[in-house]
1. Please give the length that would be gained between PHE32 and ILE14 if that part of the chain were fully extended, namely 0.36 nm times their separation in residues minus their C-alpha to C-alpha distance (nm, one decimal).
2. Between MET1 and VAL43, how high is the FRET efficiency from 1/(1 + (r/R0)^6) when r is the Cβ-Cβ distance and R₀ = 35 Å? Nearest 0.05.
3. What order, most packed first, do the peptides 23-30, 8-15 have when packing is the mean number of other Cβ atoms within 10 Å of each residue?
Amino acid sequence: MIQGTGSDVGKSLIVAGLARALANRGLAVRPFKPQNMSNNAAVTDDGG
């Protein structure tokens with residue numbers, strides 16, 4: 001897991017480089033990027 005201190009700090013760039021390096025060594029790499037859906041989200045009175 002790669003973590004950073006905020007948005008736009010280069011986490012995806014680091015993962016892309018690591019994935020390429022590992023793939024070049026013959027490993028099967030399947031990176032993924034979970035989406036944070038809680039930013040700017042709120043529960044409304046009607047539950048939606």
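Rule-based calculations on the coordinates, nothing more; no lab input. No experiment lies behind these values; they were computed from the predicted model shown. Cβ sites come from the backbone with ideal geometry, for glycine too, and all protein chains shown count toward neighbours.
1. Difference between extended and current length: 5.2 nm.
2. The calculated FRET efficiency here is 0.80.
3. The most tightly packed comes first, giving 8-15, 23-30.
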